[in-house]
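Below is one structure; the comments refer to it alone.
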Amino acid sequence: MRGSDEFSECLSFWNALSCRAAGIAPGYAELADLRFALDTGWAIEPPIYVYQEVGWRPYYHILLRRGEHQVLLSLPESEALRRFLEEHGIQLELHPARGRARPSQPKPSRGGNNDL
């Protein structure tokens, strides 16, 4: 249970942090959103955290800062994003997910009950 408690605590922290941002919405984004943010004065606060869950595509958690404001964007892994980060020499830090991984395929049912 400790892993989920840590995640819950971290999520609360990021949500509170993200709500203070001005001019850009926190949450799931694409490379175009990141480029727009950078073009409008936001800066990447390294490192970028890469989270990998078993059976799921990695996500890049990118903290942006502009003045006193901060916002967290989560971008799915893509070849374009990897190239962009490599070209800009931005430090990545890999964090395998613990205790939150979801199977990529449903588990076989135990017993004779087939309700899904």
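The values are calculated or read from the model by the stated rules, or taken from the named source; none is laboratory data. Worth saying up front: this structure is predicted, and the values here are computed from it rather than measured. Cβ coordinates were reconstructed from backbone atoms using ideal geometry, including for glycine residues, and neighbour counts include every protein chain displayed. Calculation scope for accessible area: heavy atoms of the full protein, side chains included, ligands and nucleic acids excluded. Shrake-Rupley method; radii C 1.70, N 1.55, O 1.52, S 1.80 Å.
Among the residues of the stretch 62-95, write down those that are open to solvent by 50 Å² or more (accessible area, probe 1.4 Å) and either part of a strand (DSSP E or B) or of a type in the set (Ser, Thr, Tyr) (or both).
The answer is Arg65, Arg66, His69, Leu92, Glu93, Leu94, His95.
Please specify each residue of the stretch 25-37 satisfying the condition of being part of a helix (DSSP H, G or I) and either within 14 Å of Ser78 (Cβ to Cβ) or open to solvent by less than 50 Å² (accessible area, probe 1.4 Å) (or both).
Leu31, Ala32, Asp33, Leu34, Arg35, Ala37, listed by residue number.
For residues that are within 22 Å of Pro96 (Cα to Cα) and aromatic (Phe, Trp, Tyr), scanning just the stretch 28-83, find the one that is modelled with the lowest pLDDT.
For the stretch 28-83, the residue satisfying everything is Tyr28.
So which pairs qualify, if the first residue must be in the stretch 39-61 and closer than 16 Å to Glu77 by Cβ, the second must be buried (at least 16 other Cβ atoms within 10 Å of the Cβ) and among the small types (Gly, Ala, Ser), the Cβ gap must be under 7 Å, and the two must be at least 6 apart or on different chains?
Here the result reads Tyr51/Ala97; Gln52/Ala97; Glu53/Ala97, each pair linking the stretch 39-61 to a residue that is buried (at least 16 other Cβ atoms within 10 Å of the Cβ) and among the small types (Gly, Ala, Ser).
Can you name the number of the only condition in (1) of a type outside the set (A, V, I, L, M, F, W, C); (2) touching a strand residue (DSSP E or B) at 6+ places or on another chain (Cβ under 9 Å); (3) modelled with pLDDT under 60; (4) open to solvent by 30 Å² or more (accessible area, probe 1.4 Å) that Ser18 fails?
The failed condition is (4).
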